[in-house]
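A.B. asks: I'd like to ask you about the structure that follows.
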Amino acid sequence: MYANPTMYSLSPSGFFSIRQLKDILKEHTELVFLAVLFIGYQFYAEREQQLMLSVIEQPRKSDFFYVDYFSLDKSTDARHRYVPMKVLEVNDQGVRFKVGNIAHSTPVSPRQHAKFDKAMVTKNYYRQKEIVLTHPEIKGLFDSGVIYNARRPKTIFIDGWIVIPKSEMYLED
């Protein structure tokens, strides 16, 4: 049933009464649901952005950075350029990474990297060559979009997929 357009009229002050507002919300619950969903997603996206920035600014062992590796090394294949890099060591000079050996042609989510690449099963998941980046270089690469995502496993998982051995699990103090 649709509301009669003349049923809801503004009060002399230019607003709906509380009763009219309740009736409108009851009648259009789908709009309320969509508004709550939209607002909830905005909070979720902001939280994810803050977590990613904290990983970029304060990396630690076993964090993962997702990069356009062709932008770092022009001798690599431009068609398969999006790879994960795992943090091996962090010190005052910079960060040492293992570079993923399995690449994608488009930037994919950390979940897709872990899901389809099976980091814990594939023997040649990482390249032999390691890369070292300074902290300012990392910030610049993130700002330019070369590093397009960064994640910190909460335990041994990223989005439900095992990415590090249990021995590398970081325990909060």
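The values are calculated or read from the model by the stated rules, or taken from the named source; none is laboratory data. Because the structure is predicted, anything quoted here is derived from the model rather than measured. Heads up, the Cβs are rebuilt from the backbone with ideal geometry, glycines too, and the neighbour counts pull from every protein chain shown. Heads up: the accessible areas ignore ligands, DNA and RNA and are worked out on the full protein's heavy atoms, side chains in. Shrake-Rupley method; radii C 1.70, N 1.55, O 1.52, S 1.80 Å.
A.B. asks: Among Tyr2, Tyr8, which is the only one that is modelled with pLDDT under 90, exposed (fewer than 10 other Cβ atoms within 10 Å of the Cβ) and part of a loop (DSSP other than H, G, I, E, B)?
C.D. replies: So the residue among Tyr2, Tyr8 that is modelled with pLDDT under 90, exposed (fewer than 10 other Cβ atoms within 10 Å of the Cβ) and part of a loop (DSSP other than H, G, I, E, B) is Tyr2.
A.B. asks: Under the condition of being open to solvent by 40 Å² or more (accessible area, probe 1.4 Å), in a loop (DSSP other than H, G, I, E, B) and in contact (Cβ under 8 Å) with a residue 60 or more places away in the chain, which residue from segment 60-109 is nearest to His135 (Cα to Cα)?
C.D. replies: Among them, the one singled out is Arg60.
A.B. asks: Across segment 134-159, what is the number of residues that are part of a loop (DSSP other than H, G, I, E, B) and free of Cβ contacts under 8 Å to residues at least 24 places away in the same chain? Write out each step before concluding.
C.D. replies: From segment 134-159, those part of a loop (DSSP other than H, G, I, E, B) are 134, 145-146, 152-156, 159; that's our starting set.
Next, only the ones that are free of Cβ contacts under 8 Å to residues at least 24 places away in the same chain stay: 154-156.
Selection size over segment 134-159: 3.
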